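Notes follow once the structure below has been shown.
The values are calculated or read from the model by the stated rules, or taken from the named source; none is laboratory data. These figures come from a predicted structure and were not determined experimentally. With ideal geometry, Cβ positions are generated from the backbone for all residues, glycine too; neighbour counts draw on all protein chains shown.
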Amino acid sequence: MSAVETSAIREYVVPLSSLTIEDVAAVGGKNASLGEMIGALAQAGVRVPGGFATTADAYREFLRQGGLDARIAQALASLDVEDIAALASTGKQIRDWILRTRFPPALEAAAWIANAPTGARRSQ
């Protein structure tokens, strides 16, 4: 694995097994809690399949792709939160934007590498 790939993995993805409650700011509460649970189960002798969390920095970089963050802010700025139809419509539009936005190349590479079977990761 190249130094760039290793750096991208550290910046964008973190193995769940290495997370603790101290990592909430970096990966969010649910991921940090999963890390805590995996650690506790491992200490009790329970084997848990591996996984990874994407970092908050990775999410923010994703939102910067194509100005997605600015489009979302603009859509929300003029939203009347009392108008249920407008909330539903704006929510759908934002979800559509998110689904159509590609991951930044480094994040995509980091996710593929982190998700590769252990043997494949070692051989890269």
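Within the span defined as the range 59-70, one or more residues are in contact with a Lys or Arg (Cβ under 7 Å, 6 or more places away or on another chain) and without any contact (Cβ under 8 Å) to a residue 40 or more places away in the chain.
Counting only helices (runs of 4 or more DSSP H) that sit wholly inside the range 1-108, those with at least 3 residues that are within 13 Å of the chain's Cα centre (by Cα) are 3-12, 24-27, 29-43, 56-64.
With the requirement that a residue be of a type outside the set (V, I, T), in a helix (DSSP H, G or I) and either surrounded by 13 or more Cβ atoms within 10 Å (Cβ to Cβ) or modelled with pLDDT of 85 or more (or both), what does the range 111-124 give you? Those that are of a type outside the set (V, I, T), in a helix (DSSP H, G or I) and either surrounded by 13 or more Cβ atoms within 10 Å (Cβ to Cβ) or modelled with pLDDT of 85 or more (or both): A111, W112, A114, N115, R121.
Of the candidates E61, E82, E11, E108, the single residue that is among the charged types (D, E, K, R), buried (at least 16 other Cβ atoms within 10 Å of the Cβ) and on the phi < 0 side of the Ramachandran plot is E61.
Against the condition surrounded by fewer than 16 Cβ atoms within 10 Å (Cβ to Cβ), modelled with pLDDT of 90 or more and either touching a Lys or Arg at 6+ places or on another chain (Cβ under 9 Å) or closer than 28 Å to R100 by Cα (or both), how does G28 come out, does it pass? Spelling it out, it is not the case that G28 is surrounded by fewer than 16 Cβ atoms within 10 Å (Cβ to Cβ), modelled with pLDDT of 90 or more and either touching a Lys or Arg at 6+ places or on another chain (Cβ under 9 Å) or closer than 28 Å to R100 by Cα (or both).
When the range 89-109 is filtered for residues that are closer than 18 Å to E11 by Cα and free of Cβ contacts under 8 Å to residues at least 24 places away in the same chain, the ones remaining, listed by number, are P105, E108.
Considering only residues in the range 85-97 that are aliphatic (A, V, I, L, M) and exposed (fewer than 13 other Cβ atoms within 10 Å of the Cβ), the one that is nearest to R64 (Cα to Cα) turns out to be A88.
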